[in-house]
1. What about B:Val186, is it surrounded by fewer than 20 Cβ atoms within 10 Å (Cβ to Cβ) and touching a Phe, Trp or Tyr at 6+ places or on another chain (Cβ under 7 Å)?
2. A:Pro66 passes all but one of (1) in contact (Cβ under 8 Å) with a residue 12 or more places away in the chain; (2) in contact with a strand residue (DSSP E or B) (Cβ under 6 Å, 6 or more places away or on another chain); (3) surrounded by 14 or more Cβ atoms within 10 Å (Cβ to Cβ); which number fails?
3. Counting just the residues of segment B:167-183 that are out of contact with any helix residue (DSSP H, G or I) (no Cβ under 8 Å at 6 or more places or on another chain) and aliphatic (A, V, I, L, M), which one comes out surrounded by the fewest Cβ atoms within 10 Å (Cβ to Cβ)?
4. Within the group A:Ala279, A:Ala298, which residue is more than 9 Å from chain B (Cβ to nearest Cβ), within 12 Å of A:Ile108 (Cα to Cα), at pLDDT 95 or above and open to solvent by less than 10 Å² (accessible area, probe 1.4 Å)?
5. Taking the condition of being buried (at least 21 other Cβ atoms within 10 Å of the Cβ), modelled with pLDDT under 95 and under 18 Å from B:Ser113 (Cβ atoms), how many residues in segment B:1-37 meet it?
6. Which of the numbered conditions does A:Ala164 fail, given that it passes all the others? Conditions: (1) crowded, with 24+ Cβ neighbours inside 10 Å; (2) away from every other protein chain (no Cβ under 11 Å); (3) out of contact with any helix residue (DSSP H, G or I) (no Cβ under 7 Å at 6 or more places or on another chain).
7. Which one is farthest from the other protein chains (Cβ to nearest Cβ) among residues in segment A:167-191 that are under 18 Å from A:Thr136 (Cβ atoms) and touching a strand residue (DSSP E or B) at 6+ places or on another chain (Cβ under 8 Å)?
8. In segment B:73-91, is there at least one residue being of a type outside the set (A, V, I, L, M), touching a residue at least 40 places away in the same chain (Cβ under 8 Å), crowded, with 21+ Cβ neighbours inside 10 Å and not assigned by TED's automatic domain parsing to the domain that holds B:Ala210?
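The values are calculated or read from the model by the stated rules, or taken from the named source; none is laboratory data. Being a predicted model, the structure only gives us computed values, none of them experimental. Positions of Cβ are generated from backbone atoms using ideal geometry, with glycine treated the same way; all protein chains shown enter the neighbour counts. For accessibility, only protein heavy atoms count, side chains too; no ligands or nucleic acids. Shrake-Rupley method; radii C 1.70, N 1.55, O 1.52, S 1.80 Å.
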Protein chains: 2
Amino acid sequence: MLDCAIIGGGPAGLTAGLYTTRGGLKNVVMYEKGMPGGQITQSSEIENYPGVTGEITGMDLMMPWPEQCQKFGLVHEMVEVERVVRSEAGTFSILRGDGKVDEAVSVIVCTGSTPKRAGFKGEDEFFGRGISTCATCDGFFYKGKEVAVIGGGDTALEEALYLAKICSKVYLVHRRDAFRAAPNTVERMRSTPNIEQVLNAVPDEVYGDAMGVTGLRVKFKDGTTRELDVPGVFVFVGNDVNNAVLKQEDGSFLCKVNDWGQVVVDLSMRTDVPGLFAAGDLRIEAPKQVVCAAGDGATAALQAIAYVDEKGHGQ
Amino acid sequence: MLDCAIIGGGPAGLTAGLYTTRGGLKNVVMYEKGMPGGQITQSSEIENYPGVTGEITGMDLMMPWPEQCQKFGLVHEMVEVERVVRSEAGTFSILRGDGKVDEAVSVIVCTGSTPKRAGFKGEDEFFGRGISTCATCDGFFYKGKEVAVIGGGDTALEEALYLAKICSKVYLVHRRDAFRAAPNTVERMRSTPNIEQVLNAVPDEVYGDAMGVTGLRVKFKDGTTRELDVPGVFVFVGNDVNNAVLKQEDGSFLCKVNDWGQVVVDLSMRTDVPGLFAAGDLRIEAPKQVVCAAGDGATAALQAIAYVDEKGHGQ
């Protein structure tokens, strides 16, 4: 019986592993099929993780984490988790991709979320080198420059407003001429002078050179095209919450999730199921920043320690 | 008119400053009378801030933060803030210790909390060198060793339980023979074999050498004493929430606080007053860890940016 099972090896999962083991839990496993580090390892530059400075990539930032977080006994299992289910006794079964089943007193789910790609030419090639899915993370790198935003939902408009404060101009490329976003947000976008709406248009191709993106060609409904000379393209066409491990055989979720599939937690990262915690980008209201996910992981870990102790395990 | 006023210069305040200014807010001031860095700068060793490794002190950890966080235009005012009040227009006045008044559209309060000292001989001398007020932070440094815990409230007992998982033995020194803590917590403490209760006793003196603490002498109600050969003493005799800046002239608080004076926030660090946010150790359910406070600061900053934008400022 594990004291704690941690699903996912990004900043939240790694920090949860550090705090649970350093806090005295004996049998803690972090399940992460790939290399730990998470989504941030795809970023070409990060300058807003407090305390770590210099021109570093997301990969550089995460480099020391696995060793630091495993120093106190955290075990890394390089296997996918298919599902977490709860037994009648209130403990958890971790159904692994290799067919084995582990049992755990507590579980911290840190599987994150994945921004959707829009599917245009050059998108994959220039991802992290001019194409971004996070204005908070990368907007500043385009200070005083022109950028394009792809999308018409709430996130796209909010991120366009965020970018309009930093960038000289924001082209908002939307495939329709009406917006799904909240009317108030649409109004704010319309009254922001340096946002230009490019409507009834879809991205056709992003192009560039060895240094990164130099432009975006959009294609209108009538077949005409337009070239936007932008070094940065921000894509907000949806987000997949990686909650599959919480999906039960009958299609329900192990714990409460909201309409977008984000896990409902309180300030201490407790879900509505005792012993089950969530941390990082898959929870409600996640700011999607490394430092926030790491803070979540620490918070959830301290709760898991107290929970395991209450249950009389972990001595 | 400031876009955002940040009160306090610990990990939460610094990170809030980094995120607000990097996110495009133009006029942001962080008020911190002393050197930025916060309470952690008193720690002699920290090994659980993810991504920063090696044998470093709290001071070392915080060293690069001010430059990194002020790189994007954050202004540091070395002045105390006496009070924050709200105008009828919904903006805030920052009443400074030097008699000046600044106005701000949004405010992030990051003034933290201060653990009380018990007031025994050697306590100040060995603080950070064997005397600690945080089991999560420092417990691991006494792995397999004996430690003493001073106090009889909920926090003292919970921290004793936390330490009992890591340390070979925990002496729980309490001045009475009954506990104020929750009955369930008292029960768990009593059934933990490696916690020894030292009741009707107060700490008399902590002593040691250049390397740190070597023992604690406690004094019983009947005048007798006992020497505990412990290298670590954890003091949990209460915590002052630094909420004075929120106290209004009539004695009420600017926003909702709980019975302990901690600021009530939601997952996005919003208080019940629009435009007023709290981050770090002064909020409810704060885990009191650097990475958590920093995560709070980033979260509050992103909310402040959106709020300032909504109000039509900050362009």
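1. Yes, satisfied.
2. (2)
3. Selected residue: B:Ala178.
4. Being more than 9 Å from chain B (Cβ to nearest Cβ), within 12 Å of A:Ile108 (Cα to Cα), at pLDDT 95 or above and open to solvent by less than 10 Å² (accessible area, probe 1.4 Å) holds for just one of A:Ala279, A:Ala298, which is A:Ala279.
5. Going through segment B:1-37 one residue at a time, the tally reaches 0.
6. The one condition A:Ala164 does not meet is (2).
7. So, considering only residues that are under 18 Å from A:Thr136 (Cβ atoms) and touching a strand residue (DSSP E or B) at 6+ places or on another chain (Cβ under 8 Å), the one farthest from the other protein chains (Cβ to nearest Cβ) is A:Leu172.
8. No; the residues of segment B:73-91 include none that is of a type outside the set (A, V, I, L, M), touching a residue at least 40 places away in the same chain (Cβ under 8 Å), crowded, with 21+ Cβ neighbours inside 10 Å and not assigned by TED's automatic domain parsing to the domain that holds B:Ala210.
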